[in-house]
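Below you'll find the structure, written out as structure tokens, and then a few comments.
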Amino acid sequence: MTTGPKPPSHFSLAASIPEVLTVSETISAKSSLADKPFSKWYNLSPTNTKPIIKINNIAYQAGDEILRIYNSNFHIETKEDNSPLTTADKNSHLIIEKGLKALFPDIPILSEEGININYSERSNWDYFWLIDPLDGTKEFIKKNGEFTVNIALIKKGVSIFGSVYAPYLK
């Protein structure tokens, strides 16, 4: 039986997999999954770590792309809030968004680099992915290695799963 790749020593996984995800709760969102128990649909339990491994692999892929750009000459833009934005931010966002949508098509994604979604819509989400595809863009630009890929699953305003990857420490 294959359990998937072993996370590298620099990988930090913060997962809350107690009764929160294993009870028969339902999604009250407007998705097609509204009548299915969340734990059965999400298939996450203390004995099934496959979804966690898949999410971690998405973080690894995003980290690999960030490092590819880190080791090159890259363009720096300025966002409306005067914070920097690089190709690494954008590409990491696209990799994470594509991966999460493939695994969990009915869970919305809120990303620092994604589209702006009004609070009136977001406030109705019971579950959503919260991602910062390159947390520490200023550090990335300084090339000091102090940046991470962050992926969190939020349930009713509380993080119930988190994956944080520091690719430079690989």
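The values are calculated or read from the model by the stated rules, or taken from the named source; none is laboratory data. Since we're looking at a predicted model, the values are computed, not measured. Glycine also receives a Cβ, built like all others from the backbone with ideal geometry; neighbour counts cover every protein chain displayed. Calculation scope for accessible area: heavy atoms of the full protein, side chains included, ligands and nucleic acids excluded. Shrake-Rupley method; radii C 1.70, N 1.55, O 1.52, S 1.80 Å.
Each row is one residue, and each column tells you yes or no for (1) over 21 Å from Lys98 (Cβ atoms); (2) modelled with pLDDT of 95 or more.
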{"position": "Glu112", "(1), (2)": "no, no"}
{"position": "Asp135", "(1), (2)": "no, yes"}
{"position": "Glu139", "(1), (2)": "yes, yes"}
{"position": "Phe147", "(1), (2)": "no, yes"}
{"position": "Ile154", "(1), (2)": "no, no"}
{"position": "Ala166", "(1), (2)": "yes, yes"}
{"position": "Lys170", "(1), (2)": "yes, no"}
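Please pick out the residue among Glu65, Glu97 that is buried (at least 19 other Cβ atoms within 10 Å of the Cβ), within 19 Å of Pro51 (Cβ to Cβ) and modelled with pLDDT of 95 or more. Break it down into steps so the answer makes sense when it comes.
On the way: Glu65 fails: within 19 Å of Pro51 (Cβ to Cβ).
Answer to the check: Glu97.
Test Gly114 against the stated conditions and say whether it is within 14 Å of the chain's Cα centre (by Cα) and farther than 19 Å from Tyr165 by Cα. So Gly114 fits the description; yes. State yes or no: is Glu121 modelled with pLDDT under 95 and either open to solvent by 20 Å² or more (accessible area, probe 1.4 Å) or over 23 Å from Lys54 (Cβ atoms) (or both)? The answer is yes for Glu121.
Restricted to the stretch 51-170, the set of strands (runs of 3 or more DSSP E) holding at least 2 residues that are touching a helix residue (DSSP H, G or I) at 6+ places or on another chain (Cβ under 7 Å) comprises 84-86, 109-111, 127-135, 148-155, 158-165. May I ask you to verify whether Leu110 is of a type in the set (A, V, I, L, M, F, W, C), more than 20 Å from Gly157 (Cα to Cα), touching a residue at least 12 places away in the same chain (Cβ under 8 Å) and open to solvent by less than 50 Å² (accessible area, probe 1.4 Å)? No.
Looking only at residues in the stretch 125-170 that are under 16 Å from the mean Cα position of the chain (by Cα) and free of Cβ contacts under 8 Å to residues at least 12 places away in the same chain, which one is least open to solvent (accessible area, probe 1.4 Å)?
Step one: filter the stretch 125-170 for residues under 16 Å from the mean Cα position of the chain (by Cα), giving 127-136, 147-155, 157-167.
Going one step further and asking which of them are free of Cβ contacts under 8 Å to residues at least 12 places away in the same chain, we end up with 157-158.
Working: Gly157: 68, Val158: 84 Å².
Of everything passing the filter in the stretch 125-170, Gly157 is least open to solvent (accessible area, probe 1.4 Å).
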